Every structure is written in structure tokens, then in C-alpha cells.
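Structure first, commentary second.
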Amino acid sequence: MMNTYRIDDGRQTLVLATQSDRLPQVVYWGATLPQTEDLAAVAAAHMIDVTGGMLDENPDLSLCPEAARSFPGQVGLILSDADGRAILPQFSVTDVAQGQTLAFTSRDDNHGLTLTFTFKVDTHSNVITCQTTLAADTPVRLHWLAAPVLPAPQHAREMIDVSGRWCGEFQLNRTPWTAGLHMRENRTGRTGHEHFPGLLVPSAGATNTSGDCYGFHYGWSGGHKMIAEELQDGRRQVQWGNAPDTDSAPATQFETSPLYITYADNGLNGCGVSFQRHLRDNIVTWAAPNAPRPVHYNCWEAVYFDHQLPVLTDIADRAAALGAERFVLDDGWFGLRDDDTSSLADWVIDGRKYPDGLAPLITHVQSLGMTFGLWFEPEMINGNSDVYRAHPEWVLGACDQILGRQQKVLNMALPEVRDFLFDRIGAILGGNDISYIKWDHNRVLPQPDAAQTRGTYALLDRLRAAFPAVEIESCASGGGRIDYGILSRTQRVWLSDSNDALERLRIQHDAALFLPMAVTGSHVGPRVCHTSGRTIDITMRAWVAAQRHMGFEMDPRELDDRETQVLKDVTQWWKDNRNWMYHADILRLDSADPAVTAELQLAQTGAQFVVFAGKAATSAQISPRPLRLTGLDPQASYRISLRNRDDINPLSRGTTLLKEQDLTMSGTYLMNNGITLPWSFPERMWIVEGVRV
Ligand code: DGJ
């Protein structure tokens, strides 16, 4: 007997079917099916044929493929009893609850196991949140538990997953679908630069702006595994879960992290916009939801560990004059921290640098109209610290482990460690007017351990409950801890330690497939970039930062008059536009010129937009190719205007209209022909503003 269930959110339909009492499988995922669709027919039509060399019936590609039901590929659950003997479960569905959430419960009585799958719909973002839980009557050892397993489309030729490195986060990798496994297994114990847990599966020929695309994000900060497998029969599955064997002790309750999935028929952007909206509107818990995002100043690249009050107050004066609204004091204020060899875990204000505490600096910063933020790296400890000398047993991993940035990791599973950190951080927050934490995590774990991540989440939750007005930025040597698990507890990510505007342009562009402007920190770096050695003009540096949550990180004492003026101007532009940009969708443009990385940010109302067209390199052809816009109403007219006409170079001698005047064109024209921009040097950005008329 076949039962069917459908999930609809107005853009996509997911149809699940159970055959007899076997686990449900997804028999359709894609564009919305008519309400009249015969789901039994959908399920029956989904069955593939059987021929020589195959079993007499094809094993289900269920929400948890089971070895005991002859599934020929990777299974969704691997576990053993407390003594290490393998268990091969075989589940039967016992209950289905369909409301706002669709929940399937199934049971294996022989092994005393209960398996549950949930699917939660959000019609605003079109992201479906799904999760698997496992309960055992007696303790079992879990090796692998997949979140609900989804089929991948047959009409895709490739998949796009995400890797990266320090100063080079969010690199998109296209891998062809072929027989067998494509696996990502992150054993670093943190989300990692290397392994952002995201996947896009575009149909053949899909672009940023057109075609079908399926999106996945796994919201966990402790390292994940992703399996994309094509079976001999051609079926494809995608599995996500916490990195295997990271729940080391036998237990009776397990759950995966939430898996976020979406289908869109308008290209990679369709998935990207869904993820942006879902994260901003449903996941992040904003301390002050309606407050404008403040312009940051972060002092790291200005002073590093050399904290001197007169210098910092001078820098604060200059940052405020540029338009900064939040001053973040980075590493170097605590213990005896003159370089990165000591003092992590000694969260006590350094009396040599701040004899009167942080109050004089905070008062000064506040007198300039800025709020104050402070850097911590709570999970870390230096061997050269008072806390280490008192509590070497608080460290995670072996005594002789390889260090990372000369530091070790505190064992966050220990309640006494969390209590200690809560007390120390709480004392600093409670004793000073601090409204922001930059929470760093500069090394991988000595070994992956889910309890570590849970401990960190618990500490974050406790601190947020005690200090609800304090916002937190997730940083891990830049973008080493970015995922929706950490972002349900933090409000900003430090996307990269690269303040090189060219590198940032690319990183931001690719990260926008998962991250909205509201959470993505982006700072104007020094004239000569500290991590790439490149010298980049202030216009490019300023506009790239203005694409996201803007800030400054250079020493403002280096700025000449022109640079100061450009920065003030762009910062004011950002302040004038940040409120609608906060809610905007970031749409990546399909640039005909590979030298140009461009995006359009479209207001929620559709009434205005801004295009950022960054020319990262010299173009092959001499004149700019028209840039096709997207997301507009074809029938509407838009007045478009080149915002930064002052940046037109004298070598641009032609009559390109936008140089001289605004244009009013239809959405159809703008999306089909595109806008023709003036010639420019490389490493420059054009800003085009549009208003619906
Ligand atoms: C790494 C971060 O990514 C930097 O922004 C800075 O905060 C340093 N750590 C401080 O040690």
C-alpha cells in the first residue's frame, strides 16, 4: 500500500511516498505541481525499470537509505551497540503528522530504535528546513546519521560545492556528476575556510539568472560530511550530517543539525536569494531588529597588538569623522598580550596598556557618537597564560599536540570551562559599556568533537541571555566559522581576513549565494593591503566595502585628502541606502565580460536597485560589454543613473550616455540588452542606481 504526502511553499513541491510501511522517499522535488496532481501516480511513475544485473526491485532511495533493505550505495545511518557490534536497522513507519511541519516517525523494534524526520516550510524564503533524530532504548554508538536524504536531479551535469582557504573563502567548485561518490568530509572541528557546508545543483545550462537550481546548506559549526553519490542505476543522492564519529560516547538521543534546502527556477540567484532571506529573517536573532547596521571601525590592521590610549583615541576621532558608528577594539587588550604567543584565556584588562581600565577609551569613543565593541577568542588558550598554568587539564586533546597560532583549545564540553568563560567575559561586559563582541577562533581543533561545538553554542546562548543587547560577530581567522548554526547566535561574520578589495569582490560575490548583506562584514583596508601586498585605489576599496555591512580597518592616519573625501562620500552614500539594502536581494549578474564581477541589489519593494560592477582585471576587448540586469519588471520603466561619475577617467573620451545623463529604460531593455558603461581602468567599480518610475 502506498501513501503520499506533499509539501508546498508556493514555489516548490516536494512529494514523499511510503511503500507499505517502509521509510518515506522523495519521489518528486521541483516546481510547484498542480493541486490536482495525482500523487499516487507521481509515486508510481517515479519507479525505474529493472533489467539484467539488478535486484528484482530497486531498493528505495529513502530519507535514510538502509543497508538492511539492500540499498547499494551509502547508507543514511551507521551505528553499533555499546560494545561495538554493528547494528543494521530496518525501520517501519509508525506515524505521520502533517501540519506546519511534516513529521515521519519510524521504529525498529528489534533494535529498540526510533527514527524521526521533520520538514518545515517557510513561504517567505522558500527554504525547507529538515532534520533527522534518532532515539535508542539503550545506549548505542553513532558513527553516521544523515539529515533527510534528498535525491539530486537527473538533468544536472554538475554540482557546485564550496571550498576555500585563509584570505580566499567561498571558492565555488564545479564537479561533474559521475558514477560513484563525491564526498566532502570536514574533520577540522569547525566550519572551516576549507569546507563551507553548501551545495548547489544547477540543471544543465543554468546560470546565475536562469534555469533550475537546487540548494543545500547544513547548519553546523563542528564539521560536516556531504555525500553526493550516483548509483549504478543512475539515481543520485545527497546526504549531509555531522562529521562521522564525532559523538564519541554511547547515548540514547541523537539529532542532525538542520539541513536547509530549496529549489528555484530562476537560476543560482533563486537559491541565493532564498538563503539570504531565510538567514536574515528567520535565523539571525537580532539584538535590535530595526536599528540600522552601524558603520564599523576595527583597529586590528592599524595597531595590531600595540595598544596606546593616545593613538587609539586619535584613531577613534578620525574614524568617527569618516562616519564610523561602532569602534571595535581588537586583539591585544588583555593579559600580557604583546604578540600572539601569550595570554589567551587571561581575560583581564592589561593594566600596562589600560591603567584605568577600558573606561577612558570607551568614554572617548562614546563621546564621538560611536558604540564600543571588544575582541575575544573564548575557546582558546596559550601555554603562556595564567589560566593554563592553573588548569592544564582544561585543554582539549593531547599534551604534545601540534599548536595552531601557538595556541591550544579549551575543552568546551567541560561545564567548569564554560562557567569560567561566562564569568570572565560577563565581568568585562558587565563592568563596561560594551555592545559588541568580535568572537574569534583562530585554529582548527586537535580532533573533531561534536561536544565542543555544543559547548560553544551553550556558552553563546548563556551570554546572549545574560546580555541580550550585545551583538556578536563570528570570526575564525576571517571566514573560518560561517554557517547557520553559529549565525543563529551571532549577527555578523568576518567574511575574510583579506581586505584586498579585488579578493573581497570575488569572495563577496560567491558568498552571496548563502549570505545577505546584513550579516556580511566588509571593511575598507589599508592603501597597501596587508595580506596581499596590492595597492588599490580608495574608490575601489570603499565601494567594495559598501556592497555589504560597511566598515574601515585601515589606520586613518594614512589617508590623504582625496582618500578622506572619497571615504566620507561613499560612507554617507551607504548610510543613505543601508536601510533598504538591508532587506534587498543580492542578485549576481551574468557578466559577459569575465573581467567584470557584478551584482544588482534589488529593494524588497522592487522600486529601486543598485548595480555594483567591479572590474577586477583588464578586459580582453577594449570597450565594456553591456551588462544585463535581472530581477526587474519587464513592463516597468526605470530611471538609471551613474552614481560615481566623478570617477570617469580622462582616457574615456566617448559619448556613452550614462556619463552625461540619467536614462529611463524599460525593464525589458535593461534585462535583454543591458546597460553600457563607460570605459575604465581595471580595479575600478561602477555604481548604477535605478528607480522605478
Ligand atoms: C584573526 C582575525 O581574523 C583578525 O581579524 C584579527 O581579529 C586577529 N585574529 C586578531 O588576532
Quiz item: Restricting to the stretch 329-357, what's the tally of residues that are touching a helix residue (DSSP H, G or I) at 6+ places or on another chain (Cβ under 8 Å), under 22 Å from Y297 (Cβ atoms) and within 14 Å of the ligand (Cβ to nearest atom)?
Solution: 4
Quiz prompt | Odd one out for L368, checked against (1) buried (at least 21 other Cβ atoms within 10 Å of the Cβ); (2) in the same structural domain as I437 (by TED's automatic domain parsing); (3) aliphatic (A, V, I, L, M); (4) away from the ligand (no atom under 13 Å from the Cβ) | solution = (1)
Practice problem: Please determine, by comparing only the residues of the stretch 94-119 that are surrounded by fewer than 16 Cβ atoms within 10 Å (Cβ to Cβ) and among the charged types (D, E, K, R), which one is farthest from Y484 (Cα to Cα). | Solution: D109
Quiz item: Between residues in the stretch 328-350 that are closer than 17 Å to I437 by Cβ and residues that are among the charged types (D, E, K, R) and within 12 Å of the ligand (Cβ to nearest atom), which pairs lie under 6 Å by C-beta distance while being six or more apart or on different chains?
Solution: V328/K438; L344/E377
Exercise. State yes or no: is A321 surrounded by fewer than 21 Cβ atoms within 10 Å (Cβ to Cβ) and over 13 Å from I362 (Cα atoms)?
Key: yes
Exercise. Pairs only if they're at least six apart or on different chains, beta carbon under 8 angstrom, first in the stretch 669-687 and surrounded by fewer than 17 Cβ atoms within 10 Å (Cβ to Cβ), second in a helix (DSSP H, G or I); list them, first residue then second.
Key: T676/L657; T676/L658
Exercise. Could you list, in sequence order, all residues of the stretch 465-479 that are within 16 Å of the ligand (Cβ to nearest atom) and either at positive phi or in a helix (DSSP H, G or I) (or both)?
Key: S477, G478
Practice problem: Look through the stretch 259-313, keep the residues that are over 27 Å from P556 (Cβ atoms) and among the acidic types (D, E), and return whichever of them is farthest from the ligand (Cβ to nearest atom). | Solution: D265
Practice problem: Tell me which residues, restricted to the stretch 229-262, are under 28 Å from H46 (Cβ atoms) and aromatic (F, W, Y). | Solution: W240, Y260
Quiz item: Checking V395 against (1) hydrophobic (A, V, I, L, M, F, W, C); (2) over 21 Å from the mean Cα position of the chain (by Cα); (3) within 16 Å of the ligand (Cβ to nearest atom), which single condition isn't satisfied?
Solution: (3)
Self-check item: Considering residues of the stretch 319-328 that are outside any loop (DSSP other than H, G, I, E, B) and away from the ligand (no atom under 12 Å from the Cβ) only, the residue nearest to W573 (Cα to Cα)
Solution: L322
Practice problem: Considering each residue of the stretch 380-397, count those that are of a type in the set (G, A, S) and within 12 Å of L445 (Cβ to Cβ), and give that number. | Solution: 1
Exercise. Select, from G189, G205, the only residue that is outside any strand (DSSP E or B), modelled with pLDDT of 95 or more, of a type outside the set (D, E) and surrounded by fewer than 16 Cβ atoms within 10 Å (Cβ to Cβ).
Key: G205
Self-check item: Members of the stretch 11-46 that are among the β-branched types (V, I, T) and either over 29 Å from the mean Cα position of the chain (by Cα) or surrounded by 17 or more Cβ atoms within 10 Å (Cβ to Cβ) (or both)
Solution: T13, V15, T18, V26, V27, T36, V42
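Results for (1) surrounded by fewer than 21 Cβ atoms within 10 Å (Cβ to Cβ); (2) of a type in the set (F, W, Y); (3) under 19 Å from the mean Cα position of the chain (by Cα); (4) assigned by TED's automatic domain parsing to the domain that holds T363, shown as yes or no for each residue.
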| residue | (1), (2), (3), (4) |
| --- | --- |
| L268 | no, no, yes, no |
| S274 | no, no, yes, no |
| A291 | yes, no, no, no |
| Y304 | yes, yes, no, yes |
| L309 | yes, no, no, yes |
| L312 | no, no, no, yes |
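With the requirement that a residue be of a type in the set (G, A, S) and not in a strand (DSSP E or B), what does the stretch 86-121 give you?
G99, G112 - these are the residues of the stretch 86-121 that are of a type in the set (G, A, S) and not in a strand (DSSP E or B).
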Quiz prompt | Among (1) in contact (Cβ under 8 Å) with a residue 60 or more places away in the chain; (2) over 18 Å from I675 (Cα atoms); (3) of a type in the set (A, V, I, L, M, F, W, C); (4) surrounded by fewer than 19 Cβ atoms within 10 Å (Cβ to Cβ), the one test that W580 misses | solution = (1)
Quiz prompt | Long-range neighbours under 6 Å by Cβ, at least six apart or interchain, first residue within 15 Å of Q452 (Cβ to Cβ) within the stretch 394-421, second among the hydroxyl-bearing types (S, T, Y) and modelled with pLDDT of 95 or more | solution = M412/T456
Quiz item: Mind checking which residues of the stretch 493-516 are among the small types (G, A, S) and within 16 Å of the ligand (Cβ to nearest atom)?
Solution: S496, S498, A511
Quiz item: Residues that are among the polar types (S, T, N, Q): which strands (runs of 3 or more DSSP E) entirely in the stretch 208-318 hold 3 or more of them?
Solution: 236-242
Quiz item: Any residue at all in the stretch 475-482 that is farther than 30 Å from P594 by Cβ, buried (at least 24 other Cβ atoms within 10 Å of the Cβ), β-branched (V, I, T) and modelled with pLDDT of 95 or more?
Solution: no
Quiz item: Residues in the stretch 441-449: is at least one within 30 Å of P289 (Cβ to Cβ), in contact with a Leu (Cβ under 9 Å, 6 or more places away or on another chain) and more than 15 Å from the ligand (Cβ to nearest atom)?
Solution: no
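Report yes if D83 is among the acidic types (D, E), part of a strand (DSSP E or B) and without any contact (Cβ under 8 Å) to a residue 40 or more places away in the chain, otherwise no. Give the derivation first.
On the way: among the acidic types (D, E): yes; part of a strand (DSSP E or B): no; without any contact (Cβ under 8 Å) to a residue 40 or more places away in the chain: yes.
Spelling it out, it is not the case that D83 is among the acidic types (D, E), part of a strand (DSSP E or B) and without any contact (Cβ under 8 Å) to a residue 40 or more places away in the chain.
The values are calculated or read from the model by the stated rules, or taken from the named source; none is laboratory data. Computed from a predicted model, the values in this text were never measured in an experiment. Every residue, glycine among them, receives a Cβ derived from its backbone with ideal geometry; neighbour counts consider all protein chains shown.
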